[in-house]
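Down below is the structure, laid out as structure tokens.
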Amino acid sequence: MQSKIIDWIKDKYYWYNNHSKLKRFFNNRKELKVLFFGYPKSGNTWTRFLIYNYRNLLLNPNEKQTLSYERLNVLQNNIMEKGTTFLPEKGFPFIYRTHKIYKKTFDLFEKKIFIHRNPLDTLVSAYYYSKNRDVPFWDDPINVRKKLFDIDFFVKYKIDSWINFYNYSHQHADIVLNYSDMKNNCEKELFKLIQFLGWELDNRLIMKSVDLSSFDNIRNMGIVTGQSHGMAKGGIGYGSFKGEFTRSGEESQFFNELHEETINFVINKFPDFKKIYPNLID
């Protein structure tokens, strides 16, 4: 109990410091301040590629290659919970990102973008990401890590955190992106997002950004460049990721990964599943 209290105090102090730091920094900036957030493995990185490839195309209309992971992380290198204060390159937006659930710090941003993906595919993807770290399931308590190698156990163990994240986060967003809608009509959803951000709209460049940001292009780029995204500094013990960061990106993968009992468990836990993701379950 005492350790939990100490951790709670540390967390409060940490967020207070970052909040104060960002508030001071933002007071001196005139740029539109945008926050992009979502549960891990919800299409966050794909959406970042869509946004920044489009912005890059506005500056370089003849560009034929997707941005690399390295370039993307240079252009969009501000992480909210780290309280970073990097200025964007000329011509690029002032967007912060986070996988954290709503905090008071969110309210410092003028526009907030939230992305969500059905929890079954999200957690299946999170399972493979977590398992393929140098220290598997590095973010989880040591006493449950062995059990988490069972994908069905992993999904059941994580579903409450996903539900809590979704229920609390979508209420604080100015625009909500549904991964299913993006997969079904990416051009339409990217158009709405660019319009929301108040940028110049060019249908040709929207289509080109969607093409450059395809999963095949991103995966191939990751292989060619050594898949540097997701590589934590510090080596063993720091949760470095190994393998392909981008998997298939397809929906309904969970049917081939999970037992029916686990699928029903999640759907019963989250009664709005069929309403929000109507085309995934008969």
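Derivation of every value follows stated rules applied to the coordinates shown; laboratory data play no part. All values reported here derive from a predicted model rather than from experimental measurement. So basically every Cβ, Gly included, is an ideal-geometry build from the backbone, and we count neighbours across all protein chains shown.
Specify which of the listed residues (ASP139, ASP121, ASP174, ASP160) is in contact (Cβ under 8 Å) with a residue 60 or more places away in the chain, crowded, with 16+ Cβ neighbours inside 10 Å and among the acidic types (Asp, Glu). Quick ask: steps written out before the conclusion?
Numbers: ASP139 fails: crowded, with 16+ Cβ neighbours inside 10 Å; ASP174 fails: crowded, with 16+ Cβ neighbours inside 10 Å; ASP160 fails: crowded, with 16+ Cβ neighbours inside 10 Å.
Matching residue, one of ASP139, ASP121, ASP174, ASP160: ASP121.
Could you check TYR128 against (1) under 27 Å from ASN279 (Cβ atoms); (2) of a type in the set (Phe, Trp, Tyr); (3) free of Cβ contacts under 8 Å to residues at least 40 places away in the same chain and say which number it fails?
The number of the failed condition is (3).
Pull up the stretch 134-155, narrow it to residues that are of a type in the set (D, E, K, R) and touching a Phe, Trp or Tyr at 6+ places or on another chain (Cβ under 6 Å), then point me to the one that is farthest from PRO271 (Cα to Cα). Step through it out loud before you land on a result.
To start, the set of residues in the stretch 134-155 that are of a type in the set (D, E, K, R) comprises 134, 139-140, 145-147, 150, 152.
If we keep only those that are touching a Phe, Trp or Tyr at 6+ places or on another chain (Cβ under 6 Å) as well, we get 145, 147.
Numbers: ARG145: 28, LYS147: 26 Å.
Among those residues, the one meeting the criterion is ARG145.
Give me a count of the residues in the stretch 142-157 that are touching a residue at least 40 places away in the same chain (Cβ under 8 Å), crowded, with 20+ Cβ neighbours inside 10 Å and not aliphatic (A, V, I, L, M). Steps first, answer last, please.
Step one: of the stretch 142-157, the residues touching a residue at least 40 places away in the same chain (Cβ under 8 Å) are 151-152, 155-156.
Subsequent filtering for residues that are crowded, with 20+ Cβ neighbours inside 10 Å retains 155.
Still in the running and not aliphatic (A, V, I, L, M): none.
Total meeting the criteria: 0.
Conditions tested, residue by residue: (1) loosely packed, with under 13 Cβ neighbours inside 10 Å; (2) part of a helix (DSSP H, G or I); (3) small (Gly, Ala, Ser).
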{"site": "ILE6", "(1), (2), (3)": "yes, yes, no"}
{"site": "LYS10", "(1), (2), (3)": "yes, yes, no"}
{"site": "TYR13", "(1), (2), (3)": "yes, yes, no"}
{"site": "HIS19", "(1), (2), (3)": "no, yes, no"}
{"site": "ARG29", "(1), (2), (3)": "yes, no, no"}
{"site": "THR45", "(1), (2), (3)": "no, yes, no"}
{"site": "ARG71", "(1), (2), (3)": "no, yes, no"}
{"site": "VAL74", "(1), (2), (3)": "no, yes, no"}
{"site": "THR84", "(1), (2), (3)": "no, no, no"}
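Which count do you get for residues in the stretch 86-97 that are buried (at least 17 other Cβ atoms within 10 Å of the Cβ) and either within 14 Å of HIS19 (Cα to Cα) or charged (D, E, K, R) (or both)?
Result for the stretch 86-97: 2.
Take the residues in the stretch 266-282 that are touching a residue at least 60 places away in the same chain (Cβ under 8 Å) and either surrounded by fewer than 15 Cβ atoms within 10 Å (Cβ to Cβ) or out of contact with any helix residue (DSSP H, G or I) (no Cβ under 6 Å at 6 or more places or on another chain) (or both), then tell me which one is farthest from ILE159 (Cα to Cα).
ASN279
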